[in-house]
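Reviewing the structure listed below.
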Amino acid sequence: MTENDAIQGPEAPGSPGVPAHQAHPSDAFAARIASFTDRFVDLTRRRAALDAEEARLLAEACSYADATASALVSSGTSSTEARDLARRSMCASLAIATRMSEPTLQARIGDAETLVHHAPAVLEALARGAISGGHARAITDQLRDVPAEGRVVFLEQVLPVATRSTAARLRQRARVVRERLHPESFTARRARSITDRRVELEAAADGMAWVHLFTTAPLAHEIRNRLDAVAVPARVAGDPRTLAQLRADALASLAVAGTVQDDADPIPVDPETTGTFTWLPGSAPLDDAARIAEEAVAAGATPLLAEPVGIEARIRATVQMTVPALSALGVTDEPGELDGYGPIDPDTAARLAVTAPSMTRILTQPETGAVLSVGRGQYRVPADLARAVRLRDTTCRAPGCGRAARSCDLDHSVAWQDGGSTAIDNLACLCRHHHRLKHLPGWNLEHHPGGILTWTTPDGRRHETRPELAETG
């Protein structure tokens, strides 16, 4: 009797008198997984199709702005400036309507125009749902730096990869293809890219923040090596902080105090230059880290590296803090507000206030958040009125703009030549960009009591902004 005969025999499941085989729970689980997968794939395809539709819309909007730019500005404005202003007006209107930051929307517009005008095959694949928006961005990010004569070959090589790999893998492949096709030397491109070096600050939760540095790869690696050369010996010598914490504290100490020890000379500022360096104790190159650690352990000493609280004591800055009235009296521990960042704990606020050579303390009413006092401990330009406006607004008063008030223009909502007064109920902080937009056709600004502003954009929509203290108080 064969195996098949046994299965089909008189006692096989399903035969008369024998119960049918019951489905295993894993079969039901697999069926549900298949259902979830199908639905997720469908959502992903529809999202990709919407991304493609958005790209076409944004490219069309910018083409329209370019075509009508001359009608928006005076005849003395150059065509380039007119086009820039028209595009800014279009971008600001779209961003405000969707509560999106203008830089984010500008990045989307850049991707959209690249897809529509330089990569129609990629746009078509996106519209079909064959690739995702992430795949499309991975391609356009590299395509911008590929010369026109090499773009066809570039797309022929990377688009097939996009349909069968992740966006991360595609990004790696696209970078390799770009390097191969680019006629300009790496040295020339590095010289151009180095002009983009910068430092950016990003607020985080719980009184913390990120500092991002964009610099050359050799400098970035050397900075990391220098931090390791401080952190590793300290850790080996028994410092309880983790290596990550020690690196962070070393960087903060070097940036704020110029040293990791109170009795040492400042550290050299340019590790890429040639010459003889006087290394600080605990900051020699990585090759010497083990030797320094051994010497420190043998001497029974722990390398001195200040913790964040100690480093903050070195800060000497003009501080602008908002202090709730009850917190100032010691009744509550409600956090203060540090200008340009946000909430900080009362202890940190107190330390900064003690060491600051000048400080503007803003007492706020505990229920409404209204300004009660600007303080008269120190007086300097700008005058009290300008200071009061900036303290009230905190940031640019255009919808969605977060530029700090101290970097903004003080704008007369009703122009001086039109009878507007120089008063707190006719002044608002506007960054230079939104100050210029306000005067373009289709834009209007109304100033209401309490510092409430109503913006009208060229599409006819109205958007209200309130002073920061009124929003958060």
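Give the residue, chosen from Glu464, Glu446, that is within 25 Å of Thr104 (Cβ to Cβ), assigned to a strand (DSSP E or B) and acidic (Asp, Glu). Only one candidate passes the filter, namely Glu464. For residues that are in a loop (DSSP other than H, G, I, E, B) and among the aliphatic types (A, V, I, L, M), scanning just the range 422-443, find the one that is nearest to Ala404 (Cα to Cα). Step by step, filter the range 422-443, then rank; the result is Ala423. Condition first: within 27 Å of the chain's Cα centre (by Cα) and surrounded by 17 or more Cβ atoms within 10 Å (Cβ to Cβ). Now tell me which residues in the range 410-432 satisfy that. Of everything in the range 410-432, those that are within 27 Å of the chain's Cα centre (by Cα) and surrounded by 17 or more Cβ atoms within 10 Å (Cβ to Cβ) turn out to be Leu410, Ala428, Cys429, Leu430, Cys431. Ala119 meets all of the listed conditions (1) surrounded by fewer than 21 Cβ atoms within 10 Å (Cβ to Cβ); (2) at pLDDT 90 or above but one, namely (1).
Would you check if Ala55 is touching a residue at least 24 places away in the same chain (Cβ under 8 Å) and out of contact with any Phe, Trp or Tyr (no Cβ under 8 Å at 6 or more places or on another chain)? Yes, satisfied.
Quick check, is Gly369 surrounded by 13 or more Cβ atoms within 10 Å (Cβ to Cβ), over 29 Å from Val256 (Cβ atoms), out of contact with any strand residue (DSSP E or B) (no Cβ under 8 Å at 6 or more places or on another chain) and at pLDDT below 60? Give the steps one after another, and end with the answer.
Numbers: surrounded by 13 or more Cβ atoms within 10 Å (Cβ to Cβ): yes; over 29 Å from Val256 (Cβ atoms): yes; out of contact with any strand residue (DSSP E or B) (no Cβ under 8 Å at 6 or more places or on another chain): yes; at pLDDT below 60: yes.
The answer is yes for Gly369.
No other residue among Ala121, Ala138 is within 21 Å of the chain's Cα centre (by Cα) and either small (Gly, Ala, Ser) or part of a loop (DSSP other than H, G, I, E, B) (or both) apart from Ala138. Whether any residue in the range 165-180 is outside the structural domain of Ala244 (by TED's automatic domain parsing), of a type outside the set (A, V, I, L, M), assigned to a loop (DSSP other than H, G, I, E, B) and at pLDDT 85 or above is what I want to check. Yes.
Here is a list: Thr80, Thr114, Thr37. Which entry is surrounded by 11 or more Cβ atoms within 10 Å (Cβ to Cβ) and among the β-branched types (Val, Ile, Thr)? If you could, list the steps in order and put the result at the bottom.
Values: Thr80 fails: surrounded by 11 or more Cβ atoms within 10 Å (Cβ to Cβ); Thr37 fails: surrounded by 11 or more Cβ atoms within 10 Å (Cβ to Cβ).
After applying the criteria, what remains is Thr114.
In the range 198-227, the residues that are of a type in the set (S, T, N, Q) form Cβ pairs under 7 Å with partners that are assigned to a helix (DSSP H, G or I), at six or more places apart or across chains, as follows: Thr216/Ile194; Asn225/Leu286.
In the range 189-238, which residue that is basic (Lys, Arg) and under 16 Å from Ala252 (Cα atoms) is surrounded by the most Cβ atoms within 10 Å (Cβ to Cβ)? That would be Arg226.
The lone criterion from (1) on the phi < 0 side of the Ramachandran plot; (2) modelled with pLDDT under 95 left unmet by Arg99 is number (1).
Taking the stated definitions as given, is Pro160 in a helix (DSSP H, G or I) and more than 30 Å from Leu254 (Cα to Cα)? Explain how you work it out, then say what you get.
On the way: in a helix (DSSP H, G or I): yes; more than 30 Å from Leu254 (Cα to Cα): yes.
Criteria met by Pro160.
Would you pick out the residues in the range 51-99 that are among the polar types (S, T, N, Q) and not in a helix (DSSP H, G or I)?
Of the residues in the range 51-99, the ones among the polar types (S, T, N, Q) are 63, 68, 70, 74-75, 77-80, 89, 93, 98.
Within the range 51-99, Thr68, Ser74, Ser75, Thr77, Ser78, Thr98 meet the criteria.
The values are calculated or read from the model by the stated rules, or taken from the named source; none is laboratory data. Computed from a predicted model, the values in this text were never measured in an experiment. In this analysis, Cβ positions are derived from the backbone assuming ideal geometry, glycine residues included, and neighbour counts consider all displayed protein chains.
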